[in-house]
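Q: Quick one: the structure is below, questions incoming.
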Amino acid sequence: MTRVPQQYPNPYVRRERDPRAAKRQALLLAGCLVLACGFIYAVRQQILAVDYGYKAEALRREREELLDEQRRLLVAFEESSSPARLEEAGRELGLEARLKEGKEAKRGFVWLARRVEDERARAVKALKLKGVYSTEEQRRRYPNGKLAAHVLGFVGLDARGLAGVEQVYDAALTGESGRLVVDADAKRRAFESVGSDARDGRTLVLTIDQTVQYIVERELAAAMERTQAKSAAAVVLEPHTGEVLALANAPAFDPNDAGSVSPEARRNDALQNIYEPGSTFKIVPFTGALEEKLITPDTRIDCPGSISLPGRVVHDHATGSLTATEALAKSSNVAAIKLGQRLGNERLYEYMRRLGFGAKTGVELPGETAGLVRPVAKWQPGSIGSVPIGHEVGVTPVQMAAAYAAVANDGVRVAPHLVREVRDAEGRTVSRAEPESHRVVSAETARVLRRMMEEVTLKGTARAAQLDGYTAAGKTGTAQKIDPKTRAYSQTKYVASFVGFAPIENPAVVIIVVIDEAVGLHQGGQVAAPVFREIANQVLPYLEVTPDQEPEAKSPATGQLAAAPGAAPVQPTATGAGAPAEDEGAARVASDTSVVAERGDAGVVYAAATERALLMPDLRGRSVRDVARICERLGLELEARGEGRALRQSPEVGAAVASGQTVRIEFGRSD
């Protein structure tokens, strides 16, 4: 497990004038324009106008800071300056064209350049040209670079918020300009003044935790490199408060240089990207059926492998008489559709809306979409066979995380939010977040569903989501994308996702990971669940969440099977055996990664085997509990004899075994 620093490095403190910060110069082209008895000239940030014996100056107000939930600085200002006029200045700055444009415009003044580097600004000022002026202005600084860029947003040249929290809270952060009106004589000597003071902006304290955000962004970047995906998004929620601890998209961008990237790169997919969720949406029919007491976890559902619907037949990989828990763990399409049919169109739609689908979450960021949930009146006859398995609907990652957070929070949905409190210029709290909350389902339904979803990670499609020392629950999803050319489902482009929470009895975090168009392995259990695991394994200890189970040797992840120590790794098969496949079929491209779980001086190497066969691992020296869990995760039946540590095993290490085969282990205590 990757070790996490106690705090993400942050050498910055609350904004003060930094004596080391370079005062960048910008040049103002200000022509002396005589207006009857008046003229125009520039001072500091604003233009000072003098006309008919008085002058009026706009007094500067300070745009304020953004802090994370531990009051660590996320955004601040640094001082810069801005010059001035004439051909010499234009040549010095290499902006002759800009100078010509300004002359042709016949304006009283023209910004020749702003935020000019110190050396160039000094060179222009050294010319001491008449009509050349400089003015000091502020520049927004994002000290952590790309960190939380899609949350913070960025500002334009005039410090107006253009994206993210900067845009939504632009007025609060900016404050109000004051005004000073000065009566002056013909020689510009002031003799009387009136005006109002400027008010600095507010400081926002966000719910984002820098360390959690850093972990999420790092793991998303690694997943992008590993899967060669088009994009990825992840959200970490605290389910009891609705606080967003992290919200990230990959690729990311640097808000200090936002203009250098395309609008598409700045798009916040976590709340703007609508996608068909696939099997993660099965939370809706299972939640509704439990709440309406149509099923219990042990209710058996006949899954013959397909189901006939108006106009088509839906096929399933999970077959047989399955309990509701088994059907959820194996992501049975037939079971989900049958539960949807038992609920009926109206009740199914009701639970979709209860869980927040089809409505904006209200998170404080611009551009959030409501997703796509059609009213029942617009459903087709076959919609009851599509909606329960996450087709004919569109969701955003934030919506899906909020829905699972309701289950994690004993059936109470708390609106996700990013701003914890707002402070004035003196540091006093002027407002605190009061997120809306309401009960979605009973606490009993939520608790039962959490235990059912744990089986998804233990025996189902999300074995790769198992954590070190913590129980976990969740659901995988793999959805085919619509091909815009054919308007049919693509056979090569998928959205893979996993959404889950941990620990299951009192979840501390809800995490969703969405991977768009992974190359090769593309199922949620193969590419998204491992990212959940890496994030949760670091975030939970950092948040000081108490482990609820003993850390154990890692079991093989989805698409990986066990091999004896020293055996050469073999690439995964097309089906990714070791965990049940999801509804869209298995991957066709192999991975080149094996996983090693260290144990004493020896290692247990997990890798795939050919022809869907397992290679028997070396279980000697392990406890009964360890052996039982490993066998369970490998799909092997355990016949245990004795107590203590494993002494002998059958089959032998490295022997080929099949899923469901019985293995015999003799245990004993060494003297």
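Q: Which of (1) buried (at least 24 other Cβ atoms within 10 Å of the Cβ); (2) farther than 28 Å from VAL440 by Cβ does GLY201 not meet, given it meets every other one?
A: (1) is the only condition that GLY201 fails.
Q: Is it the case that some residue within segment 326-340 is open to solvent by 10 Å² or more (accessible area, probe 1.4 Å) and under 30 Å from the mean Cα position of the chain (by Cα)?
A: So far as segment 326-340 goes, yes, one or more of its residues are open to solvent by 10 Å² or more (accessible area, probe 1.4 Å) and under 30 Å from the mean Cα position of the chain (by Cα).
Q: Taking ASP170 and the conditions (1) free of Cβ contacts under 8 Å to residues at least 40 places away in the same chain; (2) buried (at least 20 other Cβ atoms within 10 Å of the Cβ); (3) touching a Lys or Arg at 6+ places or on another chain (Cβ under 8 Å), which numbered condition does it fall short on, given that it satisfies the others?
A: Status for ASP170: all satisfied but (2).
Q: Test of understanding: among ALA496, ALA473, ALA443, which residue is without any contact (Cβ under 8 Å) to a residue 60 or more places away in the chain, open to solvent by 20 Å² or more (accessible area, probe 1.4 Å) and aliphatic (A, V, I, L, M)?
A: Of ALA496, ALA473, ALA443, the one residue that is without any contact (Cβ under 8 Å) to a residue 60 or more places away in the chain, open to solvent by 20 Å² or more (accessible area, probe 1.4 Å) and aliphatic (A, V, I, L, M) is ALA443.
Q: So which residues in segment 292-323 are farther than 18 Å from GLY390 by Cα and open to solvent by less than 50 Å² (accessible area, probe 1.4 Å), if there are any at all?
A: Answer for segment 292-323, where residues must be farther than 18 Å from GLY390 by Cα and open to solvent by less than 50 Å² (accessible area, probe 1.4 Å): ILE295, PRO297, THR299, ILE301, CYS303, GLY305, GLY320, LEU322, THR323.
Q: On to the next question. How about segment 369-381: which of its residues are of a type in the set (Gly, Ala, Ser) and surrounded by 15 or more Cβ atoms within 10 Å (Cβ to Cβ)?
A: ALA370, GLY371
Q: Let me ask another. Hey, does segment 210-220 have a residue that's part of a helix (DSSP H, G or I), among the polar types (S, T, N, Q) and out of contact with any strand residue (DSSP E or B) (no Cβ under 8 Å at 6 or more places or on another chain)?
A: Scanning segment 210-220, I find at least one residue that is part of a helix (DSSP H, G or I), among the polar types (S, T, N, Q) and out of contact with any strand residue (DSSP E or B) (no Cβ under 8 Å at 6 or more places or on another chain), so the answer is yes.
Q: What is the one condition in (1) touching a strand residue (DSSP E or B) at 6+ places or on another chain (Cβ under 7 Å); (2) open to solvent by less than 40 Å² (accessible area, probe 1.4 Å); (3) of a type in the set (Ser, Thr, Tyr) that THR287 does not satisfy?
A: If we test THR287 against (1) touching a strand residue (DSSP E or B) at 6+ places or on another chain (Cβ under 7 Å); (2) open to solvent by less than 40 Å² (accessible area, probe 1.4 Å); (3) of a type in the set (Ser, Thr, Tyr), just (1) comes out false.
Q: Here's another thing I want to ask about it. Residues ASP257, ASP298: which one is among the charged types (D, E, K, R) and part of a loop (DSSP other than H, G, I, E, B)?
A: Exactly one of ASP257, ASP298 is among the charged types (D, E, K, R) and part of a loop (DSSP other than H, G, I, E, B), namely ASP298.
Q: Then there is this: Can you tell me which of (1) open to solvent by less than 10 Å² (accessible area, probe 1.4 Å); (2) within 17 Å of the chain's Cα centre (by Cα) is the one PHE281 doesn't meet?
A: (2)
Yes/no per residue for (1) surrounded by 14 or more Cβ atoms within 10 Å (Cβ to Cβ); (2) modelled with pLDDT of 75 or more; (3) of a type in the set (Val, Ile, Thr); (4) assigned to a loop (DSSP other than H, G, I, E, B):
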| residue | (1), (2), (3), (4) |
| --- | --- |
| LEU619 | yes, yes, no, yes |
| ARG633 | yes, no, no, no |
| LEU638 | yes, yes, no, no |
| GLN649 | yes, yes, no, no |
| GLU652 | no, yes, no, yes |
| GLY660 | no, yes, no, yes |
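Q: Moving on to the next point. Any chance you could count how many residues in segment 429-439 are among the hydrophobic types (A, V, I, L, M, F, W, C) and either loosely packed, with under 15 Cβ neighbours inside 10 Å or under 18 Å from GLU505 (Cα atoms) (or both)?
A: Final tally of qualifying residues: 1.
Q: Name the pairs whose Cβ atoms lie under 8 Å apart, with the first residue in segment 331-356 and without any contact (Cβ under 8 Å) to a residue 40 or more places away in the chain, the second polar (S, T, N, Q) and surrounded by fewer than 17 Cβ atoms within 10 Å (Cβ to Cβ), and 6 or more positions between them or separate chains?
A: VAL334/SER306
Q: Against the condition within 16 Å of LEU220 (Cα to Cα), without any contact (Cβ under 8 Å) to a residue 40 or more places away in the chain and surrounded by 21 or more Cβ atoms within 10 Å (Cβ to Cβ), how does ALA265 come out, does it pass?
A: Criteria not met by ALA265.
Listed here are the residues, each with its yes/no results for (1) of a type in the set (Lys, Arg); (2) closer than 22 Å to MET452 by Cα.
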{"residue": "ALA265", "(1), (2)": "no, no"}
{"residue": "LYS282", "(1), (2)": "yes, yes"}
{"residue": "PRO285", "(1), (2)": "no, yes"}
{"residue": "THR323", "(1), (2)": "no, yes"}
{"residue": "LEU343", "(1), (2)": "no, yes"}
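The values are calculated or read from the model by the stated rules, or taken from the named source; none is laboratory data. Remember, predicted model here, so these are calculated numbers, not experimental data. A quick note on method: Cβ atoms are made from the backbone with ideal geometry, for glycine too, and the neighbour counts reach across all protein chains shown. Surface areas here come from the heavy atoms of the whole protein model, side chains and all, with no ligands, DNA or RNA. Shrake-Rupley method; radii C 1.70, N 1.55, O 1.52, S 1.80 Å.
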